[in-house]
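The next block holds one structure in the form of structure tokens; read it before the comments.
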Ligand SMILES: Nc1ncnc2c1ncn2[C@@H]1O[C@H](COP(=O)(O)OP(=O)(O)OP(=O)(O)O)[C@@H](O)[C@H]1O
Ligand SMILES: [Mg+2]
């Protein structure tokens, strides 16, 4: 290998990489906001006895779980504008596609969690005079969140990594900046290694925290 | 009119019939203990009273008020308003694990009754004090013993000022050494004049706390009498059989 390392350019382009990281983090946070809220609503809908509700939701979940995130993203970016005659930025489409993808996975996590809540809690809620809405908000949602938290975080950090795909639809995220700088400076090894390390530096502590959180939540919910 | 009147209650689970016209009366000064073989419908009766089950017919009144709504056969249910007047404690632990003891007590009053947080808190602390649980106020259910959990569950129900308390085998899931503290709490509550309907397999406790014991079998009341009479001098052959069996098992 006769490649001469030169970290000078990386140092010079660090501010641009951090601008990219900021965009990546924004995408991740918005997608997680959608994934956490919409995912819960989907999970609730899936518990319904009405087929007209569960059917479309099943199709939605399976579609997003059984196709590559890349095609989902590209499909949103290129097809939604044509079908619905709207034009939204790649940034917005990226959030939407990643958010819906995450919600599909989170819905499954929520559903498993909701099913693990003892049925007697719902009897107790009725006996305490809580109505259906109050029961969902104050009894089911918090327990489902706590039970599903390890999976939700794992899914959420997965979306942080998947978000690198938005570079393909010209969103100036960390990946995009990395590729741009590496071709501009002809320093692919230094730049792309740095980019990978930045992704790692964010993901690793979070994934480490998951097992700790798992232990804590198990203890809290032990009966 | 009696404090609680159940007339002609009909309850079925699909093809399985539990009650075909069940009658029961209870006075406001009564503590009624329901005994009977497993599967005879004791829990079902309490669940119907609490409005947790659809019923197929009958009338239930509490404090002179009728609580049945929906005339459509098979789709009747106790009016949800009865939940304002009745409290229930279950066999299984039903404290919400994500809330502290105080949080469990204050949830329903603040959310469904619109009670101010500070007032609910004071009331909760007063109850916990009375139950000797004040130092557990900030504990989570996973940090409590089974007996403490059940006593907190009783306190949680009392937060809503029920006119009648239902207890469905609240000590059955407990280790033997924890049964006493829960039964003592119930006894204190009884001494304070709370009307109760109690399902228990503990005949000793039944005899102590009851003013009236009801022996039911296959969806019918076989015999109802004061505890000393029912345990000391049962009139029905089936009551005698049942008591002989349980007392033999209990030792
Ligand atoms: N949700 C349900 N669906 C169908 N059958 C039920 C249901 N709940 C109870 N049953 C049946 O109804 C009958 C009465 O049950 P119930 O729980 O009221 O009895 P129990 O007197 O409380 O018995 P135990 O002493 O064992 O608690 C039983 O045969 C039971 O299997
Ligand atoms: Mg029972």
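Brief remarks on what is shown
- For the pair residue A:78 and residue B:175, label points projected 7 Å from Cα toward Cβ lie 6.6 nm apart.
- Choice from A:38, A:133, A:160 showing the highest fluctuation, given a GNM over chain A with Cα pairs closer than 10 Å: A:133
- Mean Cβ neighbour count within 10 Å, used as a protection proxy, ranking B:224-232, A:76-84, B:50-58 highest first: B:50-58, B:224-232, A:76-84
- Look at the stretch A:135-142: the mean tally of other chain Cβ atoms within 10 Å of its residues' Cβ atoms is 3.
- Entry note, the stretch B:159-203: relative contact order of 62 percent, from Cα contacts under 8 Å with a spacing of 6+ residues.
- Cα convex hull, the stretch B:81-149: 100 Å³ per residue, rounded to a whole number.
- Tilt relative to chain B, helix B:101-112 - C-alpha long axis, 0 to 90 degrees, to 10: 80
- Gained length - residue B:125 relative to residue B:184, 0.36 nm times residue gap less alpha-carbon distance: 19.3 nm
- Cβ-Cβ FRET estimate between residue B:245 and residue A:197, R0 fixed at 60 Å, reported to 0.05: 0.25
- Listed residues B:96, B:19, B:167, most fluctuating in chain B (Gaussian network, C-alpha, under 10 Å): B:96
- Calculated P(r) of the protein assembly as shown - Cα pairs past 28 Å, %: 63
- Whole-angstrom gap from the stretch B:10-72 to the stretch B:203-251, using each part's C-alpha centre: 20
- Only Cα pairs under 8 Å and 6+ residues apart enter the sum, and on that basis the relative contact order of chain A stands at 30 percent.
- Selected from A:211, A:120, A:48 as most flexible by GNM, with chain A as the system and alpha-carbon contacts under 10 Å: A:120
- Each part reduced to its alpha carbon centroid, the stretch A:166-202 and the stretch A:122-143 end up 48 Å apart.
- Computed extension length for residue A:18-residue A:33: 3.2 nm, one decimal, from 0.36 nm per residue of separation with the Cα-Cα distance subtracted.
- In the stretch A:12-222 the Cα-Cα distances spread across 10 Å bins starting at 0 as 8, 28, 30, 20, 10, 3, 0 percent of all pairs.
- With contacts taken as Cα pairs under 8 Å and at least 6 residues apart, the stretch B:4-250 reaches a relative contact order of 24 percent.
- Sorting A:175, B:1 from the fewest to the most surrounding beta carbons within 10 angstrom yields B:1, A:175.
Read-outs throughout are calculated quantities, based only on the coordinates presented, and are distinct from any laboratory measurement. Given the structure is predicted, the values throughout are model-derived calculations rather than measurements. Heads up, the Cβs are rebuilt from the backbone with ideal geometry, glycines too, and the neighbour counts pull from every protein chain shown.
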